[in-house]
Each structure stands twice: as C-alpha cells, then as structure tokens.
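Notes for the one structure printed next.
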Amino acid sequence: MTGKGFGYAYTNTRVRVMKSKLIDPSEYNKLMKMSLDQIARYLQETDYKKEIDLLGAKYEEANLIEYAINQNLANSFNKILNFSLKDSRKTINLFLKKYDVWNIKTILRGKQSKENSEEIIQDLVPAGELKEEFLIEVIKKTNSVQEAIEAFKKTSYYETMKKNSGNLTEMEDELDLCYMRERIEKTSGKIKEIFREKALFLDALNTARAKETKIQMKNILQEKKNKIVVEDIKKSRIELRKKMSEKGRKMVHVFRRDSSPVIGYFIAKENEVDNLRIIARGKQANLPLELIEQQLVY
C-alpha cells in the first residue's frame, strides 16, 4: 500500500495494538473491591506502570492514581500524535485541542483561587497543541488571571479569552463552544457524526439544567431538528458516556482510510481513565460499591 492509504493504515494499525492494552471491563468489579494501595499496585502491572512508578514517591492513594492516569492519558495521546503520519495529524490535532481548553481553564481557575504552582501543574493534562513546558511557564510566571490570559497572546485562544476576560465562567463556556463547533465543522463522515451526536446530547443537558437553575447557556448546534429531551440530568450524563464509549470501541476496528480508529481509541481511553478516577475517588470518599458501580461505563 502506498501514498495516502498507507499513512492511515500505519497509524491505525499501531492504535489497534494500543487499544488491546486497555483494561478489560471485567476487571472493574475486582478494582472496586480493592483498597487504594492495591489499585495502585494493580496499575503497576498495566500500561500505567511508568506513571505510577514515577509519581509513587511523591503521592499516595487517590491522588497518586488520579495524577498517574492523567499523565498516562497525555503520554498515550502524545505517543499517537508523534507516530502519526501527515494524513492523520489534522484530525488528531483537532480532537486534542480539547485538552488545550482543559488546561487553560485549569490554569485560570487556579490563579483565581490562589492555588500554588505545584497544585495547578498537577491538574494539567498536556495532550493538546500547547506543550507542557509552555503551560508550566505560564503557571510559574503569572500571578493573576489577567496576567495568565496575556500569556496566551500568541495562541489561537487569546481573542476568545480577552473578549470574555471580565467573566471567567462565560470565557470557559465560549472556549468550549468554539472548540466543539470547530471539530464538527472541520471533520466529516463517522467522525463528524459522533461529534454531532455528542453536541446534541450536551445541548439537551444544558436545556435541562437551564430549567432547574434558570441560567440559560448557549447551544453548540444552532438547530431545532433532531433535538434530544433529557429528563434526568445525572442518568443522561452516564448514558452519554455509554453511547460515546460504545461508538468509540467500534470505531477502533473500522477499516477505512480516515482517522476513525484513532478517534475511537481516544474515546475508549478517556472512558477508561474516567472509570479509574470514579473508582479511586469513590473509594477515598467511602462511597457504597453500588453507588460507584452506577457511575461506571463498561
């Protein structure tokens, strides 16, 4: 195979190998019955070993697990980006911009609440276009929300940040909207379809929240057709994760000349990390196993 098809085939084949290393869903029942120390030791026998070993001397229990899985998520996504050929990179970069938005919001919230630099750095997931070194420099060299905003002046996010600098909540909403609309506009086929479906669901959740809080939020999609009605916000959020996870796992095994398997892996990996975080934080809070299990997506 030569040319464009080879570019996709090479990337997608390597991603399928990485997908085979995801934790089998049957393992979650075992993890829920373990202590936090046992969960950390379990993760040392999986693809999370490097991060658990690296952070184990600094953190413990739920914090160790959360920081390790976040770092592993970033490492896994950056690994894929590094071995991806040109054909796949555009779509991959577009998906990973969500972590730029996550990190910007993390930094600004941290500055607003006067957290120290180390606390903010711990919550970064440096998997987007904005490199970890740059993000750490912003954290360490700025002392306020406004200074941090100016540090992003040379990025594509600055205009949105500057325009909404007087209200951090509105800024976060606008950053999310811009990113989610962009990824729908600039993708096609199955990838566009899954992004649109998630956007419709998120719009429905926002509509349901507005009824409860009386606070109106902008919709991602400016359309009235194909609307979804949400009755129970908590259950619907879990249902959204289930739908996205199921579609993601199926996309990994799609054989076509596009980045569907990569996006599918990203979604499946994110779900795994979410499940591990839910278990760790649930155990830390001494929640009943039944309540933790209700939040997991297999």
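Read-outs throughout are calculated quantities, based only on the coordinates presented, and are distinct from any laboratory measurement. Not measured: the values here are computed from a predicted model. Here the Cβ positions follow ideal geometry from the backbone for every residue, glycine too, while neighbour counts run over all protein chains shown.
Placing a pseudo-label 7 Å from each Cα along the Cα-to-Cβ vector at D173 and K141 gives an inter-label distance of 3.3 nm. GNM remark for the chain: springs join alpha carbons under 10 Å apart, and the peak mean-square fluctuation among K141, K154, K242 falls on K154. Here H253 and E45 are evaluated by their C-beta separation; at R0 = 22 Å the FRET efficiency comes out at 0.30.
Computed over Cα pairs, the Kirkwood radius of the chain leads via Stokes-Einstein (1.002 mPa s, 20 °C) to a diffusion coefficient of 104 µm² per second. Label positions at D24 and K243, each projected 7 Å from the Cα along the C-beta direction, are separated by 3.0 nm. Can you give the local net charge around Q122? Use residues other than it whose beta-carbon is closer than 14 angstrom to its beta-carbon, Lys and Arg +1, Asp and Glu -1. My count for the surroundings of Q122 gives -4.
Once you list every other residue whose beta carbon is under 14 Å from the beta carbon of G56, what net charge do they have if Lys and Arg are +1 and Asp and Glu are -1? Once all neighbours under 14 Å are counted, the net charge is -3.
When Rg and the Kirkwood radius Rh are both evaluated on Cα atoms of the range 174-239, their ratio Rg/Rh stands at 0.97. Of the candidates K21, K111, K50, which one comes out as most mobile in a Gaussian network treatment of the chain with C-alpha springs shorter than 10 Å? Looking only at K21, K111, K50, the biggest GNM fluctuation is shown by K21.
Taking the helices alone, the chain has a mean residue ellipticity at 222 nm of -23000 deg cm²/dmol, built from -39,500 (n - 2.57) per DSSP H run of at least 4 residues and averaged over all its residues. Full extension of the chain segment joining K105 with M34 gains 22.2 nm, where the gain is 0.36 nm per residue of separation less the Cα-Cα distance.
In this label model, E150 and K163 are separated by 2.2 nm, measuring between points 7 Å along each Cα→Cβ vector. Label the range 1-116 by shape, choosing from rounded, prolate and oblate, from the square roots a ≥ b ≥ c of the eigenvalues of the Cα gyration tensor; if a/c is under 1.5 it is rounded, and otherwise prolate applies when a/b is larger than b/c, oblate when it is not. The shape class here is oblate. With the cut-off at 1.5 for a/c, could you classify the range 208-298 from its C-alpha gyration tensor as rounded, prolate or oblate? It comes out oblate by the Cα gyration axes.
Along each principal axis, taking the top coordinate minus the bottom one, the Cα set of the range 89-181 gives 35, 26, 20 Å in descending order.
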